[in-house]
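Peer 1: Have a look at this one before I ask anything.
The values are calculated or read from the model by the stated rules, or taken from the named source; none is laboratory data. It should be emphasised that the depicted structure is a prediction, and the values quoted were computed from it without experimental measurement. Methodologically, a virtual Cβ is constructed for each residue, glycine included, from the backbone with ideal geometry; neighbour enumeration extends over all protein chains shown. In case anyone asks, the SASA skips ligands and DNA or RNA and just uses the protein heavy atoms, side chains included. Shrake-Rupley method; radii C 1.70, N 1.55, O 1.52, S 1.80 Å.
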Amino acid sequence: LRGEYDSRDSDFWKYWMDWGKSKTGNALRGKFGVGRAAILKASEIRTVIGITRQERSRDHLICGYSLLNACDYDGIRRTNYAYFASEEWEERSIFRLHPEDLIENFHDAFNIPRLEGPGTCLAIPFPFDIYNPENIKAGLIAHFLPALLDGRLKATVQVNGEGEEINQQSIRNFSSEIKNHLKNRQPCFQAFKTNPDSFIDFLDEYSSVDPRYDFDKFYQHGHFFRLDSPRLLEKALAGDAYNDEKESLLNSIKSGNLTALRVDFPIRYNDGSLEETFITAGIKQTEENEEGVSLSYRGGMAIYDMNRSTLRGYHACVFADDPHISKYLNACEGEAHKSWTKDTEVREELERIFDNDTTYGILDLAKKLFVSIEKWMNQRDEEINTSLLEDDFSVDLDLGDSEPESEKNA
């Protein structure tokens, strides 16, 4: 939270005070407030305390929020929330915050590290038992594994004043415990828990190849495609002109080596600006045809609630890391960043930001990439039903947009 704090319209106050108000149009603060509500629900007393160091002034600020039960008190109806502040500046409709000496007390009481630069630290008093260090580590690894492995995300789990950084080495040390502490029961994570080291090896190797750059010029099993417009791969690459690329990709997949792809395409905004963006992907056979993990990632975060079943015998992941495609797919993720969908609310958001000519093909391209590759490889003018990957690349995916049963996401 780096915005100014002396205005009711600042990011700081919008975070603390705009409960129930739509956040549509601001991807940085979220659209539905689900992230903030999740933090409150983690506390047995439904409370969160935040210490912020501002970017401009370097001032430290402390604020807090509690959800209460609405009640009548002395004949006055009291609302269901309370702010941690000293008093209200009525003329500005914001609160006067506590002085910095009180912040020092909170640092000591909650063992909060001092902020060296701008940013925000949230303290959750009386967290539920499920939020123990082992479960937190397992959840971080499952949901942010690529970003943790390549260092984009710096995460530390602190216990009794001792902090453990979740990085490439510590993930390896903890991998055998993931199955005991990861609570998400989605099929992709069930496969991950069965053999976490295999999937970690896969993402580690993918990070070393790094298809975000000119990997295809030095990596034997790297494949690059440039589309004039974003659409399903089997439609964009249909025809005999792409037979050599098709055969090369097939040979890479069947070789047992990691196969990496990058697909570039344009994206047009409503203001008329046209930008180049891309998605990347990695696929590799598992050892002894064990169950593979199929996940999509945006900015290193897992989007996990799209495929009803995993690719049999393959680890296969799609990655959206470029800022333009990340902004687009963020608008497709609904309330909880679990899946890429195309419901009415998503359509309205996409049409508000992007030009229709390049908008709707992007979702199909990103969401159905591996199904599209399989269909493309099976395209033959002379034998429509020939399966090039009959036994080697068996895909069994349900890409419907219906929500799974709620208990799967516990």
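Peer 1: Simple spin-label model, 7 Å along Cα-to-Cβ: Asp201 to Arg172 in nm?
Peer 2: It is 1.2 nm.
Peer 1: Follow-up. What percentages, rounded to whole numbers, describe P(r) for region 201-324 computed over all alpha carbon pairs with 10 Å bin width beginning at zero?
Peer 2: Bins of 10 Å from zero give 12, 40, 38, 10, 1, 0 percent of pairs.
Peer 1: Find, among the chymotrypsin sites (Phe, Trp or Tyr not before Pro) in region 82-154, those assigned to loop by DSSP (not H, G, I, E, B) with at most 14 other beta-carbon atoms within 10 angstrom.
Peer 2: Answer in residue order: Phe128, Tyr131.
Peer 1: A further question follows. Quick one: which residues, 5+ away or cross-chain, put their amide H under 5 Å from the amide H of Asn270? H built at 1.01 Å from N.
Peer 2: When sequence neighbours closer than 5 places are left aside, the close amide H contacts are Phe354, Asp355.
Peer 1: Let me ask something else about it. If ligands, DNA and RNA are left out, what is the accessible area of Thr280 with a 1.4 Å probe, given in Å² to the nearest 10?
Peer 2: Rounded to the nearest 10, the figure is 0 Å².
Peer 1: When each pair of different Cα atoms in region 279-362 is counted once in the 1/r mean, what is the Kirkwood radius in angstroms, to one decimal?
Peer 2: After inverting the mean inverse Cα-Cα distance, the result is 13.9 Å.
Peer 1: Give a residue-ordered list of calculated ³J(HN,Hα) values for region 131-145 (Karplus: 6.51 cos²θ - 1.76 cosθ + 1.60, θ = phi - 60°; whole Hz; x for Gly, Pro).
Peer 2: 8, 9, x, 5, 5, 5, 4, 4, x, 4, 5, 5, 8, 9, 4
Peer 1: Hey, can you find the accessible area per residue of region 48-141 for me, probe 1.4 Å, expressed in square angstrom?
Peer 2: Per residue, region 48-141 has 61 Å² of solvent-accessible surface.
Peer 1: Out of region 111-158, which trypsin sites (Lys or Arg not before Pro) are coil in DSSP terms and have no more than 16 other C-beta atoms within 10 Å?
Peer 2: Arg114, Arg152, Lys154
Peer 1: May I pose another question? Could you tell me which of the pairs Lys179/Lys342; Lys137/Lys193; Lys154/Lys367 are separated by over 21 angstrom between their Cα atoms in the structure shown?
Peer 2: From the list (Lys179/Lys342; Lys137/Lys193; Lys154/Lys367), the Cα-Cα distance tops 21 Å for Lys179/Lys342; Lys154/Lys367.
Peer 1: Let's test the formula: R0 of 60 Å, r as the Cβ-Cβ distance of Glu100 and Glu288. What FRET efficiency results, to the nearest 0.05?
Peer 2: For R0 = 60 Å, the calculated efficiency reads 0.50.
Peer 1: Moving to a separate point now. Sticking with the crude label model, points 7 Å out along Cα→Cβ, report the distance from Thr79 to Glu245 in nm, one decimal please.
Peer 2: Inter-label distance under the simple model: 5.6 nm.
Peer 1: What are the semi-axes of the equivalent ellipsoid for region 109-224, taken as the square roots of 5 times the Cα gyration tensor eigenvalues, largest first, in whole Å?
Peer 2: Equivalent ellipsoid semi-axes, largest first: 30, 20, 11 Å.
Peer 1: Taking H placed 1.01 Å from N in the peptide plane, check which residues at least 5 places from Ser296 or on another chain put their amide H under 5 Å from its amide H.
Peer 2: Ile303, Val318
Peer 1: Turning to a different aspect of this structure: At 0.36 nm per residue, minus the direct Cα-Cα distance, what do Lys375 and Gln190 gain on full extension? Give it in nm, one decimal, please.
Peer 2: 63.9 nm
Peer 1: Next up: What net charge do the residues around Asp271 carry, taking every other residue with its C-beta under 13 Å from that of Asp271, with Lys and Arg at +1 and Asp and Glu at -1?
Peer 2: Taking every other residue near Asp271 into account, the sum is 0.
Peer 1: Moving on to the next point. What is the sum of charges around Ser175, taking Lys and Arg as +1, Asp and Glu as -1, for the other residues whose C-beta is under 11 Å from the C-beta of Ser175?
Peer 2: Residues near Ser175 contribute +1 overall.
Peer 1: So, one more: Ranked highest first by the average count of other Cβ atoms within 10 Å around their residues, in what order do 52-64, 343-355 fall?
Peer 2: Listed from highest to lowest mean packing, they are 52-64, 343-355.
Peer 1: If amide hydrogens are placed 1.01 Å from N in the peptide plane, which non-local residues have theirs closer than 5 Å to the one on Tyr81?
Peer 2: Those lying under 5 Å, H to H, from Tyr81 are Leu68.
Peer 1: Which ³J(HN,Hα) values, rounded to whole Hz and listed in residue order, are derived for region 36-43 from phi using the Karplus coefficients 6.51, -1.76 and 1.60 in 6.51 cos²θ - 1.76 cosθ + 1.60 with θ = phi - 60°, glycine and proline given as x?
Peer 2: Going residue by residue, I get 5, 5, 5, 5, 5, 5, 6, 9 Hz, with x marking Gly and Pro.
Peer 1: Enumerate by residue number the chymotrypsin sites (Phe, Trp or Tyr not before Pro) in region 210-314 meeting two conditions: DSSP loop (anything except H, G, I, E, B), and at most 13 other Cβ atoms within 10 Å of the site's Cβ.
Peer 2: Listed in order of number, the matching sites are Tyr213, Phe218.
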